[in-house]
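Visitor: Mind having a look at this structure? Questions to follow.
The values are calculated or read from the model by the stated rules, or taken from the named source; none is laboratory data. Keep in mind that what you see is a predicted model, and the values were worked out from it rather than measured. Using ideal geometry, Cβ is built from the backbone for each residue, glycine included, and neighbour counts are taken over all protein chains shown. Side chains are part of the model used for accessible areas, which takes the heavy atoms of the whole protein and leaves out ligands, DNA and RNA. Shrake-Rupley method; radii C 1.70, N 1.55, O 1.52, S 1.80 Å.
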Amino acid sequence: MKADVVIVGAGPAGIFTAIEILRNNSTKKIIIVEKGLPIERRRCPKHKTLKCLNCQPYCHITTGFAGAGAFSDGKLSLSCEVGGDLPALIGEQKTQELIDYTDQIYLEFGADQKIEGIANTEEIKEIRKRAIAAGLKLVDCPIRHLGTEKAQEIYLGLERYLIDNGVEILFEHECSNLILKDSRCEGVIVFDGARSFEIFADHTIVATGRRGADWLEKICQEHKIARLVFGDLKSL
Ligand SMILES: Cc1cc2nc3c(=O)[nH]c(=O)nc-3n(C[C@H](O)[C@H](O)[C@H](O)COP(=O)(O)OP(=O)(O)OC[C@H]3O[C@@H](n4cnc5c(N)ncnc54)[C@H](O)[C@@H]3O)c2cc1C
């Protein structure tokens, strides 16, 4: 197979990468490789069994279209002061712009307009005072609450949007390795449960999330690919 861009992992990182390519009016052929199922087929048996069955080969809660948080109640923290290292890497203003930009896409796909977490009641003022007295900062964080069912509906909309716009999503396909030639990544090797095959691409994006971190680390070691961790980036 051949693509312009191959993205490994259909969690938020992979999904929004594909959306951004499409929004730039690109006609690039995009393939997403996802080891789990489409959002509409993801089911956790715990609903019936009331206990975790440790599903094999993977957990349906953490794996599949929309990634690890698909079945959470979907709280989007909309302040750059919460949730990650990006402000230290690209600056607070750029981070906030990216958060607002992404939030807008969730709105376009049906997220509730209401913002929570911005009330300034007497109770909150009191908590703020106590936080200051204790040397802490109470961060005001606007939150968009998608809600479990709505989140799944939004992700279903995103899945359809990608497919309708020509993105090929290979579900139940696991990326096993990268194809490297002369220190250049030329694509990925994937396993469809029966056979392995190659997907060649001009650009390869690995967005395998926390669950895929060990695998990515192993692949980087195997191919002697240098990787930067947050501490390294800060010291650059
Ligand atoms: C229970 C829970 C609740 C959460 N609630 C919230 C919340 O309310 N708000 C919030 O902002 N965040 C929440 N999060 C965190 C949020 O889900 C993650 O930050 C986000 O999913 C990370 O996105 P990602 O695309 O980097 O990785 P992931 O979502 O992990 O997606 C990675 C994808 O890659 C696939 N994959 C991995 N390895 C391979 C491979 N070798 N080949 C093919 N595919 C592969 C996986 O199947 C997965 O679908 C929650 C997380 C969990 C677990």
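So that you can scan it fast, the table gives a plain yes or no per residue for (1) among the aromatic types (Phe, Trp, Tyr); (2) at pLDDT 95 or above; (3) under 26 Å from SER196 (Cα atoms):
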site: ASP4; (1), (2), (3): no, yes, yes
site: VAL8; (1), (2), (3): no, yes, yes
site: ILE15; (1), (2), (3): no, yes, yes
site: ILE21; (1), (2), (3): no, yes, no
site: ILE30; (1), (2), (3): no, yes, yes
site: GLU34; (1), (2), (3): no, yes, yes
site: CYS44; (1), (2), (3): no, no, no
site: LEU50; (1), (2), (3): no, no, no
site: THR62; (1), (2), (3): no, no, yes
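Visitor: Answer yes or no as to whether PHE171 is under 15 Å from VAL5 (Cα atoms) and touching a residue at least 12 places away in the same chain (Cβ under 8 Å).
Guide: For PHE171, the condition - under 15 Å from VAL5 (Cα atoms) and touching a residue at least 12 places away in the same chain (Cβ under 8 Å) - is not met.
Visitor: Only one of ASP73, ASP85 is among the acidic types (Asp, Glu), under 18 Å from the mean Cα position of the chain (by Cα) and under 14 Å from TYR155 (Cα atoms). Can you tell me which? Lay out the reasoning, then the answer.
Guide: Details: ASP85 fails: under 14 Å from TYR155 (Cα atoms).
Answer to the check: ASP73.
Visitor: Mind listing whichever residues of region 21-33 are closer than 13 Å to ILE205 by Cα and more than 11 Å from the ligand (Cβ to nearest atom)? Full working, then the answer.
Guide: As a first pass, look at region 21-33 and keep what is closer than 13 Å to ILE205 by Cα: 21, 30-33.
If the condition is that a residue be closer than 13 Å to ILE205 by Cα and more than 11 Å from the ligand (Cβ to nearest atom), then ILE21, ILE30, ILE31 are the ones that fit.
Visitor: Given the conditions (1) part of a loop (DSSP other than H, G, I, E, B); (2) at pLDDT 95 or above, report the number of the one that THR95 does not fulfil.
Guide: Checking THR95 against (1) part of a loop (DSSP other than H, G, I, E, B); (2) at pLDDT 95 or above, the one that fails is (1).
Visitor: For the condition without any contact (Cβ under 8 Å) to a residue 12 or more places away in the chain and of a type in the set (S, T, N, Q), what is the one hit in THR102, THR63, THR27, THR95?
Guide: Just a single option satisfies the conditions, and that option is THR27.
Visitor: For region 135-148: of the residues being β-branched (Val, Ile, Thr) and exposed (fewer than 14 other Cβ atoms within 10 Å of the Cβ), which is nearest to the ligand (Cβ to nearest atom)?
Guide: So the residue we want is THR148.
Visitor: Could you list, in sequence order, all residues of region 164-191 that are open to solvent by 50 Å² or more (accessible area, probe 1.4 Å), at negative phi and out of contact with any Ser or Thr (no Cβ under 9 Å at 6 or more places or on another chain)?
Guide: Those that are open to solvent by 50 Å² or more (accessible area, probe 1.4 Å), at negative phi and out of contact with any Ser or Thr (no Cβ under 9 Å at 6 or more places or on another chain): ASP164, ASN165, GLU168, GLU174, LEU180, LYS181, ARG184.
Visitor: Check GLY83, GLY36, GLY74 and return the single one that is within 13 Å of the ligand (Cβ to nearest atom), open to solvent by 70 Å² or more (accessible area, probe 1.4 Å) and either in the same structural domain as ASP192 (by TED's automatic domain parsing) or on the phi > 0 side of the Ramachandran plot (or both).
Guide: Every option except GLY83 fails the conditions.
Visitor: I've got another one for you. Determine whether region 94-105 contains at least one residue that is acidic (Asp, Glu), surrounded by fewer than 16 Cβ atoms within 10 Å (Cβ to Cβ), within 10 Å of the ligand (Cβ to nearest atom) and under 28 Å from ILE205 (Cα atoms).
Guide: No.
Visitor: Can I ask one more? Which count do you get for residues in region 192-215 that are within 8 Å of the ligand (Cβ to nearest atom) and in contact (Cβ under 8 Å) with a residue 60 or more places away in the chain? Explain how you work it out, then say what you get.
Guide: As a first pass, look at region 192-215 and keep what is within 8 Å of the ligand (Cβ to nearest atom): 207-212, 215.
With the extra rule that they be in contact (Cβ under 8 Å) with a residue 60 or more places away in the chain, the set shrinks to 207-212.
Qualifying residue count for the region: 6.
Visitor: Would you mind telling me which numbered condition in (1) without any contact (Cβ under 8 Å) to a residue 40 or more places away in the chain; (2) more than 13 Å from the ligand (Cβ to nearest atom) CYS44 fails?
Guide: (2)
Visitor: Could you check how many residues of region 157-175 are more than 12 Å from the ligand (Cβ to nearest atom) and part of a strand (DSSP E or B)?
Guide: 1
Visitor: For region 176-186, state whether one or more residues are touching a residue at least 60 places away in the same chain (Cβ under 8 Å) and within 16 Å of the ligand (Cβ to nearest atom).
Guide: Looking for residues that are touching a residue at least 60 places away in the same chain (Cβ under 8 Å) and within 16 Å of the ligand (Cβ to nearest atom), one finds none in region 176-186, hence no.
Visitor: Got a number for residues in region 202-225 being within 21 Å of the chain's Cα centre (by Cα) and not in a helix (DSSP H, G or I)?
Guide: Residues in region 202-225 being within 21 Å of the chain's Cα centre (by Cα) and not in a helix (DSSP H, G or I): 10 in total.
Visitor: From ILE132, ILE115, grab the single residue that is among the aliphatic types (A, V, I, L, M) and open to solvent by less than 80 Å² (accessible area, probe 1.4 Å).
Guide: Working: ILE132 fails: open to solvent by less than 80 Å² (accessible area, probe 1.4 Å).
Checking each option against the conditions leaves just ILE115.
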